[in-house]
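Everything below concerns the one structure shown next.
The values are calculated or read from the model by the stated rules, or taken from the named source; none is laboratory data. All values reported here derive from a predicted model rather than from experimental measurement. Virtual Cβ from ideal backbone geometry, glycine too; neighbours counted across all protein chains shown. These accessible areas exclude ligands, DNA and RNA; they are computed on the full protein's heavy atoms, side chains included. Shrake-Rupley method; radii C 1.70, N 1.55, O 1.52, S 1.80 Å.
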Amino acid sequence: MIGVAASLLAVATPAIVAQAGPHPLVGGPVVRRTFAYGADARQTIDLFTRDAAGRAPLLVYLHGGGWSAGTPRAGSGGAQPAHWTARGYAYATVGYRLVPNVTVEDQLRDVARAVTLLRGQAKVDPERVVLIGHSSGGHLAALLGAGPVWLGRHFGALRGVVLLDPAALDIAPFMAAGGSVVDRYHRPAFGTEPARWSDLSPVKHMAAPNAPAWAILYDVNNVVSGMQGTDLAAGLIAAGAKAEVTSIADTTHLRLNDEIGRPGDRATTVVDAFLAELFPDRQRARFR
């Protein structure tokens, strides 16, 4: 673990989802509501809540897939909804349109539009929002958290950002390295103009204001993600935010995401602790 101290550094359709885990902190069934926030089939939200949690802080998950693939089920097909709602949070997975049909900038606008809708939901505390992004979704989450450019007036509600093995926090080195992965994912997403690479690189936007707290987790074997995540954290801390980078052993790029919420999962323990510090009221005795 690389720890950096803070001083340095549409119509809704309800459904009931099966409850998982033997000892939830918040009881009762998980309720899923599905929303459309645009005309495209990918512009959808699944919101997971439990009635006993009351008006809850909102965790918003952004899936990976190299900006051109992927599905929100990467954040809802496993233990994640039951885990997060059992701990007193509202949890949403957001779908967004994909490259090459739209640009990365359009994807950022999609997510911002989804956050706007989610903040108006009855079970959501609109002033306490955390973004969670995996891989290319981590890249999007980092850009959204690096100032109010994309979220606008909703940026003030953003309390934290969690990045799970994030992709392309600094785009130019990928373009210089080249290779089949870059040709397949990065060039279609980011084009050929260095100025645009800079505009869409989170490490180029670390000046204040930023989201106030960041947890950056990476597969210990993903050296580039670790290096770029550490660079991002250092810049955020210098600008006044709190940020911690944690390497996760015995995992892979996909498993780090897919195993969130499972008992004994190291990444889950790290994110749980991060959220508990942000929202201490979720640890109150009435949830036990």
Quiz item: From the backbone phi of region 52-68, what are the Karplus-calculated ³J(HN,Hα) couplings (6.51 cos²θ - 1.76 cosθ + 1.60, θ = phi - 60°) in whole Hz, Gly and Pro given as x?
Solution: 5, 7, x, 7, 10, x, 10, 9, 10, 9, 10, 7, x, x, x, 6, 10
Exercise. For region 209-270 and region 118-150, write down the distance between their C-alpha centroids in whole Å.
Key: 16 Å
Self-check item: Additional length obtainable on full extension of the chain from residue 122 to residue 276, 0.36 nm per residue less Cα span
Solution: 53.2 nm
Self-check item: Per-residue SASA entry for residue 244, accessible area with 1.4 Å probe, Å² rounded to 10
Solution: 70 Å²
Self-check item: Calculated [θ] (222 nm, deg cm²/dmol) that DSSP helices of n ≥ 4 give over the chain, each run adding -39,500 (n - 2.57)
Solution: -8500 deg cm²/dmol
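Give the shape of region 222-275 as rounded, prolate or oblate, defined through the alpha-carbon gyration tensor: a ≥ b ≥ c are the square roots of its eigenvalues, a/c under 1.5 means rounded, and otherwise the shape is prolate if a/b is larger than b/c and oblate if not.
In terms of gyration-tensor shape, oblate.
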Quiz prompt | Accessible carbon and sulfur surface of the chain relative to its total accessible area, %, 1.4 Å | solution = 56 percent
Self-check item: Equivalent ellipsoid dimensions for the chain as semi-axes, Å, which come from the Cα gyration tensor, largest first
Solution: 28, 21, 18
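Excluding ligands, DNA and RNA, what is the solvent-accessible area per residue of the chain at a probe of 1.4 Å, expressed in Å²?
Heavy-atom accessible area per residue stands at 41 Å².
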Quiz item: So how far apart, in nm, are the two label points at residue 73 and residue 283 if each is 7 Å from Cα heading toward Cβ?
Solution: 3.7 nm
Quiz item: Label points 7 Å out from Cα along the Cβ direction at residue 187 and residue 254: separation in nm?
Solution: 2.5 nm
